[in-house]
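Below: the structure, in structure tokens.
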Amino acid sequence: MSPGALERILSRPVADGGEHCDLCGAVLPDRHRHLLDTQDRSVRCACRPCSLLFTRDAASVGHYRLVPERRVRLAAVDTKVLGVPVGLAFFVPHDDGTVTASYPSPAGATQWEVSPEAWRQVRERCPHVGSLEPEVEALLVNGVRGRTHRWIVPIDDCYRLVAVVRREWRGLSGGSRVWPEIDGFFDSLTERS
């Protein structure tokens, strides 16, 4: 694309209220794809034509990764071996073989690295966990208040959950609004392949 063409796209007036592709500026429908910017770990919105460019890793030269849309509800995953200090967390495998665990908090996502041995045990007990696509999919667990949610989800779902907790948390225990919102988040998850 020529510099002049890019300048014309970037200078287009923005329609009120709608989201736009972070790559080309096109107006997006409500349901659209996302890319993970691996340099700053942020999620970018993408129109269909732009997202198709990233169906193969070679197009991104490792910078952008197309976030899958797959969601799989898992019957049972024993996450106690992972040493999670809270009941709500997500686990993201990385290209280098490490696994980062994060839990949503009022300040954002708090992270720590999972023991390789513990992650190996979870993968052995639940083979679906071994199918996670590094960087862009996560194991999402919710054991708060007796819940037993275990999902394989796209990373953008995890970021949405972090936003819900940041937006709704009040006081030391979360207040009365955050827990119904978290329940609503999990109730809205539907399986997709």
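The values are calculated or read from the model by the stated rules, or taken from the named source; none is laboratory data. Fair warning: this is a prediction, and the values are worked out from it, not measured in the lab. Positions of Cβ are generated from backbone atoms using ideal geometry, with glycine treated the same way; all protein chains shown enter the neighbour counts.
Brief remarks follow.
- Only one of the numbered conditions (1) part of a strand (DSSP E or B); (2) of a type outside the set (S, T, N, Q); (3) in contact (Cβ under 8 Å) with a residue 40 or more places away in the chain; (4) under 30 Å from Ser173 (Cβ atoms) is violated by Trp112, and that is (3).
- Unmet requirement for Ala163, which otherwise passes all of (1) among the aliphatic types (A, V, I, L, M); (2) more than 22 Å from His34 (Cα to Cα); (3) modelled with pLDDT of 90 or more: (2)
- Annotation: of all residues in the stretch 92-101 being touching a helix residue (DSSP H, G or I) at 6+ places or on another chain (Cβ under 7 Å) and without any contact (Cβ under 8 Å) to a residue 60 or more places away in the chain, the one that is surrounded by the fewest Cβ atoms within 10 Å (Cβ to Cβ) is Val99.
- On the stretch given as the stretch 175-193, residues that are in contact (Cβ under 8 Å) with a residue 60 or more places away in the chain and either of a type in the set (Ser, Thr, Tyr) or not in a helix (DSSP H, G or I) (or both) total 5.
- Criterion applied to Leu132, Leu189 was being touching a helix residue (DSSP H, G or I) at 6+ places or on another chain (Cβ under 8 Å) and within 29 Å of Arg120 (Cα to Cα), and the one residue passing it is Leu189.
- For the condition among the aliphatic types (A, V, I, L, M), in the same structural domain as Val164 (by TED's automatic domain parsing), at negative phi and in a loop (DSSP other than H, G, I, E, B), Val92 does not qualify.
- The set of residues from the stretch 131-157 being hydrophobic (A, V, I, L, M, F, W, C) and assigned to a strand (DSSP E or B) comprises Ala138, Leu139, Leu140, Val141, Trp151, Ile152, Val153.
- Any hit, the stretch 158-165, residues being assigned by TED's automatic domain parsing to the domain that holds Val86, in contact (Cβ under 8 Å) with a residue 40 or more places away in the chain, part of a helix (DSSP H, G or I) and farther than 14 Å from Ser105 by Cα: no
- Scanning the stretch 119-130 turns up no residue that is in a strand (DSSP E or B) and buried (at least 20 other Cβ atoms within 10 Å of the Cβ).
- In the stretch 54-83, of all residues being surrounded by 12 or more Cβ atoms within 10 Å (Cβ to Cβ) and modelled with pLDDT under 75, the one that is farthest from Ser115 (Cα to Cα) corresponds to Ala59.
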